[in-house]
Amino acid sequence: MSPDELVYLGILAASIPVGFLFRYLSPPVKQGAALLLGLSVAIVTCQIHTLHSLVTVIGTWIIIKISWRHAPALSLGWSFLYLLFFRLVTWFGLPAPTPFANAIQLLLTLKMVSLANEVNSFHMEKKKDVSSFTKSPVIGGLSQVPSLYDMLSYSYCYAGIMTGPFFRFQTYVDWLQQPSPQTLPGWGPCLQRLKLVPLYGALFIAVNSVFPLAYVRTDEFLDENFFFRYFYMIAVFFVFRMRFYAAWCGAEAGFITAGLGCYPEKALSKPGGGPTVNYSPDPSADETYDFKTIQNIDCYNTDFCVKVRHGMRYWNMTVQWWLHHYIYPNAPFRAYALRAGWTMFISAYWHGLHVGYYLSFLTIPLCIAAESAMESSVRARLGPSGQNIFDWVHWFLKMRAYDYMCMGFVLLKASDTIHYWMSIYFSMHIIAIACIIIGRVLKGGKKEGRRVEKEDKKEGEKIENVTTGEKTD
């Protein structure tokens with residue numbers, strides 16, 4: 001493990017026992033202590049580069065103060081443009097930020113855009129209340145506009161400050177105002193989340209030592225046979241998954257011990273978004289609670305869901321909620337595949353400027369189009385046993401597609417990514433294009449084509465409904 005990874009590990013490990021202490025603090029003390037601890041972590045690990053995140057927060061606060069009506073669009077533009085400056089600071093003769101500063105800046109960007117949208121929703125609902133003389137039932141809405149201190153406290157809250165999960169400002173407020181945090185579940189769900197972390201960590205270290213990423217960049221790697229080169233991406237993506245499974249499960253455990261993101265099950269919470277229905281705790285009944293609001297990874301479904309499009313839902317779930325809530329609905333396209341492509345482009349930009357991110361993320365819409373074509377032209381015509389075989393083949397290709405795209409994500413450079421993909425003859429691109437062509441040939445005319453378009457549209461609507469908490473048929 002690198003020194004940076006050891007620092008991340010230390011921060012994650014320390015956040016778990018510290019979380020229990022926050023359950024015994026009053027709301028004002030909890031807010032101040034979480035801010036002090038998070039800001040201390042930022043200053044120690046980022047030093048002078050902490051100013052980048054501070055400037056982002058103050059800029060968002062000014063935007064909200066000047067124009068709450070246009071705050072969602074302005075905050076998105078401001079935070080994403082500052083993200084560009086942050087990544088190009090060396091062009092201006094400034095020192096390069098540390099990896100820790102980059103992690104904080106990424107999560108802070110999500111928080112500021114989300115907060116601007118929450119404030120905008122608060123004012124819009126307030127206007128509706130005044131015009132209709134009735135109070136509309138808002139799910140998870142703010143009760144007042146946050147002050148600069150509130151924004152700083154939310155931005156630098158120690159929980160997940162570098163690792164996530166992302167959480168909304170209202171989730172943070174609910175955490176501060178929990179009536180009896182000591183009675184909320186803690187050890188049970190925490191141990192449940194941590195039980196496989198040692199296995200994930202051991203597998204990460206073991207497989208990474210046998211299949212180091214650096215070997216892919218050597219001339220000797222190209223001398224290996226095709227099957228070895230092809231298998232290597234499977235091993236690399238396995239290492240990639242184990243690393244993030246361990247990190248995100250550990251980060252969630254830190255939230256659980258603090259009680260952050262804990263809601264009654266009847267609130268029907270969504271990762272990142274929080275409660276989707278109004279609820280009121282019943283003191284006379286034993287409530288059952290969950291931490292779905294801060295669930296960032298579903299390890300089982302990430303590995304074993306069948307479709308490429310479904311795999312995205314179970315990975316980095318709180319960020320997926322943010323993308324589908326603030327980016328996907330506002331995409332300048334109507335077709336599902338194009339809106340998904342736009343969302344993936346924004347996701348790539350959020351991750352960084354390396355071309356490998358774009359090559360990887362923009363391959364996803366191609367894979368989605370391929371699986372849609374094959375589902376409508378082949379699977380729809382098969383019987384139950386045939387569909388079962390189709391789904392297993394689909395799952396296998398889904399995993400190979402993610403293996404393939406992961407190489408761009410970890411190699412980063414365009415040259416390294418293309419050289420690797422070339423070494424396996426751009427196999428997944430060719431398979432995806434072949435599936436689309438076969439699907440068009442076999443789809444059975446315009447009627448079938450309209451049905452495919454209808455299914456894609458319904459899939460897009462389903463994603464929007466899932467992120468906003470609305471019910472779907």
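The values are calculated or read from the model by the stated rules, or taken from the named source; none is laboratory data. Bear in mind that the values here come from a model prediction, so they are computed numbers and not experimental data. We place every Cβ from the backbone using ideal geometry, glycine too, and count neighbours over all the protein chains shown. The accessibility values were calculated without ligands, DNA or RNA, using every heavy atom of the protein model including side chains. Shrake-Rupley method; radii C 1.70, N 1.55, O 1.52, S 1.80 Å.
Some notes on this structure:
- With the simple model of a label 7 Å out from the Cα in the direction of the Cβ, residue 127 to residue 26 spans 3.9 nm.
- Mean projection of the Cα convex hull over all viewing directions, computed for segment 302-392: 6.6 nm².
- Solvent-accessible area of residue 123 with every protein chain in place, 1.4 Å probe, in Å² to the nearest 10: 40 Å²
- Heavy-atom accessible surface of the chain: percent carbon and sulfur, 1.4 Å: 66 percent
- Accessible surface area normalised per residue over the chain is 48 Å², counting heavy atoms of protein chains with a 1.4 Å rolling probe.
- When the Cα convex hull of segment 154-305 is projected onto planes of every orientation, the mean area is 11.4 nm².
- Residue pairs, from the table 266/292; 127/292; 65/292; 195/292; 307/443, whose Cα atoms sit over 21 Å apart: 127/292; 65/292
- Segment 362-414 versus segment 418-437: alpha-carbon centroid distance in Å: 12 Å
- All Cα pairs of segment 223-331, percent lying beyond 21 Å: 50 percent
- Accessible surface of residue 441 - all protein chains present, 1.4 Å probe, nearest 10 Å²: 110 Å²
- With the whole protein complex present, residue 435 retains an accessible surface near 30 Å², based on a 1.4 Å probe.
- Extension gain for residue 92 to residue 6 (0.36 nm times residue separation, less C-alpha to C-alpha distance): 27.9 nm.
- Full-extension gain in nm, residue 199 to residue 224, via 0.36 nm per residue minus C-alpha separation: 6.0 nm
- Once the Cα gyration tensor of segment 270-344 is diagonalised, semi-axes √(5λ) in Å: 29, 17, 9
- Bins of 10 Å from zero: percent of alpha-carbon pairs in segment 349-443: 17, 42, 27, 13, 2
- Fraction of the pair-distance distribution of segment 8-53 above 11 Å, Cα-Cα pairs, percent: 71 percent
- Computing percent of Cα pairs over 27 Å apart directly from the structure and comparing it against [x] 58; [y] 65; [z] 52 singles out [x].
- Protein-only accessible surface order, largest first, of 78, 392 at 1.4 Å: 392, 78
- Approximating the spin labels as points 7 Å out from Cα along Cα→Cβ, the residue 215-to-residue 51 distance works out to 4.5 nm.
- Convex hull volume of segment 40-80 per residue (C-alpha atoms, cubic angstrom): 64 Å³
- Distance from the Cα centroid of segment 183-240 to that of segment 244-298 is 28 Å (rounded to whole angstrom).
- Kirkwood Rh, Cα atoms: Rg over Rh of segment 1-126: 1.02
- FRET efficiency estimate (nearest 0.05) - Cβ-Cβ, residue 235 to residue 277, R0 30 angstrom: 0.10
- Amide N of segment 112-129 lying under 14 Å from the label point, which is placed 7 angstrom from the Cα of residue 330 along Cα→Cβ: 112-121
- Principal axis extents of the Cα atoms in segment 153-210, from largest to smallest and rounded to whole angstrom, are 49, 27, 13.
- Per-selection Kirkwood Rh - segment 78-216 (Cα, Å, 1 d.p.): 19.0 Å
- Taking a span of 15 Å or more along the helix axis (Cα atoms) and a mean Kyte-Doolittle hydropathy of at least 1.0 as the rule, the DSSP H helices of the chain that qualify are 3-22, 27-46, 50-66, 71-87, 197-210, 226-258, 427-442.
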